[in-house]
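Every read-out reported here was derived from the displayed coordinates using simple, explicitly stated rules and does not represent laboratory data. Predicted model only: the values in this text are computed from it and were never measured. We place every Cβ from the backbone using ideal geometry, glycine too, and count neighbours over all the protein chains shown.
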Amino acid sequence: MNLQELLNKEILKTDNFDITIFEIMVVAIIVLITIIIIKVLKFLFKKIEQRNREEAGRRQALFQILKYLIWVLSITLAFEALEIKITLILAGSAALLVGVGLGLQHIFQDILSGVAMLFEGNLKRGDIVEIKDGTIGKVREINLRTSKIETRDNIIMVVPNSRFITENVINWSHINKYTRFSVKVGVAYGSDVELVSKLLYECAKKHKLVVAKPEPFVRFLDFGESSLDFQVFFWSHENFLAENIKSDIRYSINKAFNENHIRIPFPQRDVYVNPHETKK
């Protein structure tokens, strides 16, 4: 058997088409070339991103779309190489495709949402976001169908892109500036409110992750049921560490109050018993 006969040897034979060794080789070459083209494109896009990080989301979206288009073209060429008519496959499985389409409508919605997110640039890798259920995390990846965010517990959450489009999402990093946070505390009635305000201000100001400008400030919130309520406000660039910063400030407040004999009250209830009622 010569080389030509070997290449034309049939591996699979049906009523509609035959598959030979030569056709399998052509398909393998098409797939290999497709992989190489995608890798080259990825390398070029990374080079462009290193030179200019602006509009990185749009470039990522363009790369993802090009990658999918290249694969669609590659699969089409592979079917043509095998002499399989795609139109016949689509016509023969029309009912099945309708059912699959209905089942995959949420996936297509996620893909379209991913394209919109990447092109609009409202959400980028590294942004700190808060989704509807209250989860706060850092965006690690934005893909066409899903995105990955890393929570404060170092857990990776895979979130469908449609949630970022249809639900309210807070992007803490969108304006690339510091964010305001606050800590509430109540002190006992009779405390020196001026001293309380001074201590709260100092506790917030001395934290290394609190920005100097704008300065922290204290608000006398209200005359509570069992306490005088205060709130200290401060700004920080470290949105992802906000809860840790608040915790540090609370430690400082507790220490400062103890050193200055300022008491943090707890709710109390006085119960009066009528002796005449108990006798009944």
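Sorting 127, 133 on the 10 Å Cβ count, fewest up front, what's the list?
Starting with the residue having the fewest Cβ neighbours, the order is 133, 127.
Report the extension gain between residue 237 and residue 112 in nm, rounded to one decimal, defined as 0.36 nm multiplied by the number of residues separating them, less their alpha carbon distance.
Stretched fully, the residue 237-residue 112 segment lengthens by 41.8 nm.
Starting from the Kirkwood radius over alpha-carbon pairs of the range 179-259, derive D by Stokes-Einstein at 4 °C in a medium of 1.567 mPa s and give it in µm² s⁻¹.
Diffusion coefficient, whole number: 101 µm²/s.
According to a simple spin-label model (label point 7 Å from Cα along Cα-to-Cβ), what is the distance in nm between residue 29 and residue 221?
7.4 nm
If the chain between residue 247 and residue 38 were fully stretched, how many nm would it gain, using 0.36 nm times the residue separation less the Cα-Cα distance?
Difference between extended and current length: 70.5 nm.
Go through 47/205; 138/206; 39/138; 148/206; 138/205; 148/255 and tell me which ones have a Cα-Cα distance over 32 Å in this structure.
Over 32 Å apart, Cα to Cα: 47/205; 148/206; 148/255.
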